[in-house]
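Undergrad: Pasting a structure here, questions to come.
The values are calculated or read from the model by the stated rules, or taken from the named source; none is laboratory data. Since this is a predicted model, take the numbers as computed values, not measurements. Glycine gets a Cβ as well: all are built from the backbone with ideal geometry, and neighbour counts include every protein chain shown.
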Amino acid sequence: MREDVLTALSAVRDPELDEPITTLGFVASCTVSGDGQARVRLRLPTYFCAPNFAFLMVADAYDALVAIPGVRTAEVVLEDHFASDAINAGVAAQAGFVASFDGEAVAELGGLRAQFLRKAVLAGTDLVCRPLIAAGVTPAELVALTLGAAPQSAELDRLRQRRADLGLPADDDAPLLIDPETGARVALAAIPLHLRRARVTRAGIDANASMCSGMLRYRYAPG
Amino acid sequence: MYEKDGEKYFIVDTHMHYWNAAPDNWVPGAEQYAKGWIECFHAYQSLGPKETHWPIDKFQKYSEDDLMKDVFEDGHVDVAIFQPTDLKEWYKEGFNTTERNAALGDKHPGMFIANTRFDPRDSDAGLEELRRNVERYGARGVKLYTAEWNNGSRGYKLSDPAAYRFLEKAQELGIKNIHVHKGPTIWPLDKDAFDVSDVDHAATDFPELNFIIEHVGLPRIDDFCYMATQEPNVYAGLSVVTGALMHARPKFFARVMGELLFWVGEDKMTFGSDYGIWEPKWQVEGLVDWQMPDDEQFADYQKLTTATKKKILGLNAAKLYDIKVPAEFLVPVQPSEPASKDDAQLVAGQ
């Protein structure tokens, strides 16, 4: 049962880092009682991590738990955070972000999530294309590649999934290189800049992930 | 001044602090924020070399002697620029105020430039305070903290009409440089500064002001880079970039530097140690010794020349602040370089 809960939690991602909260070390503890009460405690790299991202992760973790057959009640608690109380109470009450931060928030977080999904698509494009370019694939060949014709890999699957999450073309016939806003195929002349953008986006996400993991290690170092 | 292999570097530390975050300065009732804030900073210090880590009590309140030694004696810095952050909701006297900085600057003439700050939510009283600070301290720059808490509000944007009033006033008073903290996300909620579009607006509408984006929007350098390529008056402030990445994450540092050199360029990058988070010594020495790795994954990034390093470590900032730099530190201006207004001013001033 506890394994089921951890598997479910591994589908919950930090929306900005695009990594599972389980591999990021954000799950501090996880217990399931015999009668199906799941309790999860989450922790973040700093006391001041942005509450909108924190809220998304706590809410997604809650949703993941209650979807598990056999889990009767779910409790997700974010610890050591300046907005812990508001987030924990808001998620427990299924209240939504705006209601949980009365007077301080003006919109739910779908837009934020989509914005970072688009970044994940760009970063994924860099991951998929870089080895191809190193192997000598030309820009003209890249433009012509479809998802179905590109070499299969875990990175490609992930890119396809993020595109599907956004409602962008993700079937085998869809071009490998698309505009993450519109879904339109990238023109040949725009390829170099598009790939540069993909690369800087990935650099940003990676730098962020490495800073977060460094801070988390420091904050929760044993002893 | 720092000299290595016969090359002399004029060092301007464009982003440093003299704060008091000790318990004696915590606002009753807000202790958890005051404590959480400084401990968060202290965690950042852990990303520097181990021998430069301080115990928390020194980190909360370091002395004037510590600062003078770390920054000037050991740290190679020629001119240091104070960037204040008030945070008066949590710190009784303020965390790192214009007044505290300027008082230290007065004791050591010629070594510091004291910038001030403003907050558009302070309205007319804030405008008056800005005028007073500019007159009293000769500030030519401001540090803006768009996520600062103020009377129930947890942030503002540079594109807000109230902010425009302040930017207009600042320009009228002779302010040239607007340092904006855009970086590691901490708070607040929907107004979270996860993008830099507000700087984009302001930079377009105030072409005579320079916008130095501290921490280059890290971790969201992509947003920053797209914006900076479009706006000629936007600069990359490297505080946190060197401190948090150069030692702890050298490969990511290389990638971030490679991207900045490509999108922003070596003429628009400024060094800042973010002291007391990190000491300048290892950052200055590290940058002078640093080179883009030969590794295949960095192959299409630009290598750094000595001139690149001299510009980043001090000459670019000297231009922004009209600091007179002795000729021995300058780099020859190539006639083939595209002439910009700033270049013309520097050449004319020599």
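Undergrad: Restricting attention to segment A:30-45, and to residues there that are surrounded by fewer than 24 Cβ atoms within 10 Å (Cβ to Cβ) and touching a residue at least 40 places away in the same chain (Cβ under 8 Å), which single residue is farthest from residue A:17 (Cα to Cα)?
TA: Looking at residues that are surrounded by fewer than 24 Cβ atoms within 10 Å (Cβ to Cβ) and touching a residue at least 40 places away in the same chain (Cβ under 8 Å), I get A:43.
Undergrad: To continue, here is another question. Going through segment A:167-183 one residue at a time, which ones are in a loop (DSSP other than H, G, I, E, B) and either in contact (Cβ under 8 Å) with a residue 60 or more places away in the chain or β-branched (Val, Ile, Thr) (or both)?
TA: A:180, A:181, A:182
Undergrad: I've got another one for you. Does residue B:55 satisfy being crowded, with 16+ Cβ neighbours inside 10 Å, more than 14 Å from chain A (Cβ to nearest Cβ) and over 20 Å from residue B:11 (Cβ atoms)?
TA: No: the conditions fail for residue B:55.
Undergrad: Oh, and also: Quick one: which residue in A:13, A:2 is basic (Lys, Arg), away from every other protein chain (no Cβ under 14 Å) and closer than 26 Å to residue B:147 by Cβ?
TA: A:13
Undergrad: Being within 9 Å of chain B (Cβ to nearest Cβ) and on the phi > 0 side of the Ramachandran plot: is that true of residue A:103 here?
TA: So residue A:103 passes the test.
Undergrad: Of the residues B:78, B:74, B:86, B:5, which is under 26 Å from residue B:316 (Cβ atoms) and surrounded by 19 or more Cβ atoms within 10 Å (Cβ to Cβ)?
TA: The conditions single out B:78.
Undergrad: Hey, another quick one. Any residue at all in segment B:222-240 that is at pLDDT below 95, touching a Ser or Thr at 6+ places or on another chain (Cβ under 6 Å), crowded, with 23+ Cβ neighbours inside 10 Å and farther than 26 Å from residue B:129 by Cβ?
TA: yes
Undergrad: Report the residue count in segment A:124-136 for those that are modelled with pLDDT of 95 or more and β-branched (Val, Ile, Thr).
TA: Total satisfying the criteria: 2.
Undergrad: Answer yes or no: is there a residue in segment A:139-160 that is more than 16 Å from the chain's Cα centre (by Cα), of a type in the set (Lys, Arg), more than 14 Å from chain B (Cβ to nearest Cβ) and not in a loop (DSSP other than H, G, I, E, B).
TA: No, that holds for no residue.
Undergrad: On to the next question. If I filter segment B:284-299 down to residues being outside any loop (DSSP other than H, G, I, E, B) and among the hydrophobic types (A, V, I, L, M, F, W, C), which single residue comes out as surrounded by the most Cβ atoms within 10 Å (Cβ to Cβ)?
TA: Filtering first and then ranking leaves B:284.
Undergrad: Next up: Find all pairs meeting these conditions: Cβ atoms under 6 angstrom apart; at least six residues apart or on different chains; first residue within segment B:146-165 and under 22 Å from residue A:102 (Cβ atoms) and within 13 Å of chain A (Cβ to nearest Cβ); second residue surrounded by 16 or more Cβ atoms within 10 Å (Cβ to Cβ) and polar (S, T, N, Q).
TA: Note: pairs meeting the criteria are B:155/B:146.
Undergrad: Mind checking whether some residue in segment A:108-125 is in contact with a helix residue (DSSP H, G or I) (Cβ under 7 Å, 6 or more places away or on another chain) and more than 17 Å from residue A:18 (Cβ to Cβ)?
TA: Yes, the conditions are met somewhere in segment A:108-125.
Undergrad: Here's a check for you: in segment A:70-100, which residue that is within 14 Å of chain B (Cβ to nearest Cβ) and of a type in the set (S, T, N, Q) is nearest to residue A:25 (Cα to Cα)?
TA: A:84
Undergrad: Then there is this: When both residues are 6+ apart or on different chains and their Cβ atoms are under 9 Å apart, which pairs have a first residue that lies in segment B:34-49 and is more than 7 Å from chain A (Cβ to nearest Cβ) and free of Cβ contacts under 8 Å to residues at least 60 places away in the same chain, and a second that is in a helix (DSSP H, G or I) and crowded, with 22+ Cβ neighbours inside 10 Å?
TA: B:38/B:60; B:42/B:60
Undergrad: Quick one: residue B:273 ticks every box in (1) within 14 Å of chain A (Cβ to nearest Cβ); (2) of a type outside the set (Val, Ile, Thr); (3) crowded, with 24+ Cβ neighbours inside 10 Å except a single one, so which number is it?
TA: For residue B:273, the failing item is (1).
Undergrad: Here is a follow-up. Return the residue satisfying two criteria in turn: it lies in segment A:184-216 and is without any contact (Cβ under 8 Å) to a residue 24 or more places away in the chain and surrounded by fewer than 16 Cβ atoms within 10 Å (Cβ to Cβ), and of such residues it is nearest to the other protein chains (Cβ to nearest Cβ).
TA: Restricting to residues being without any contact (Cβ under 8 Å) to a residue 24 or more places away in the chain and surrounded by fewer than 16 Cβ atoms within 10 Å (Cβ to Cβ), the top hit is A:193.
Undergrad: Exactly one of these conditions fails for residue A:162: (1) farther than 23 Å from residue B:225 by Cα; (2) loosely packed, with under 15 Cβ neighbours inside 10 Å; (3) touching a residue at least 24 places away in the same chain (Cβ under 8 Å). Give me its number.
TA: (2)
Undergrad: Tell me, which residue of segment A:25-57 that is aliphatic (A, V, I, L, M) and more than 14 Å from chain B (Cβ to nearest Cβ) is farthest from residue B:38 (Cα to Cα)?
TA: Here the residue is A:32.
A quick yes/no check of all residues on (1) small (Gly, Ala, Ser); (2) closer than 25 Å to residue A:200 by Cα; (3) modelled with pLDDT of 95 or more; (4) in a loop (DSSP other than H, G, I, E, B):
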site	(1), (2), (3), (4)
B:248	yes, yes, no, yes
B:272	yes, yes, yes, yes
B:277	no, no, yes, yes
B:282	no, no, yes, no
B:313	no, yes, yes, no
B:331	no, no, no, yes
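Undergrad: Taking the residues in segment B:218-240 that are of a type outside the set (Ser, Thr, Tyr), part of a helix (DSSP H, G or I) and facing chain A (nearest Cβ under 9 Å) as candidates, determine which candidate is nearest to residue B:180 (Cα to Cα).
TA: Within segment B:218-240, the match that is nearest to residue B:180 (Cα to Cα) is B:224.
Undergrad: Just one of (1) among the aliphatic types (A, V, I, L, M); (2) surrounded by 17 or more Cβ atoms within 10 Å (Cβ to Cβ); (3) over 23 Å from residue B:280 (Cβ atoms) trips up residue B:139, so point out which.
TA: Condition (3) is where residue B:139 drops out.
Undergrad: Could you go through segment A:101-110 and let me know if any residue there is exposed (fewer than 12 other Cβ atoms within 10 Å of the Cβ) and touching an Asp or Glu at 6+ places or on another chain (Cβ under 9 Å).
TA: Yes - at least one qualifying residue is present in segment A:101-110.
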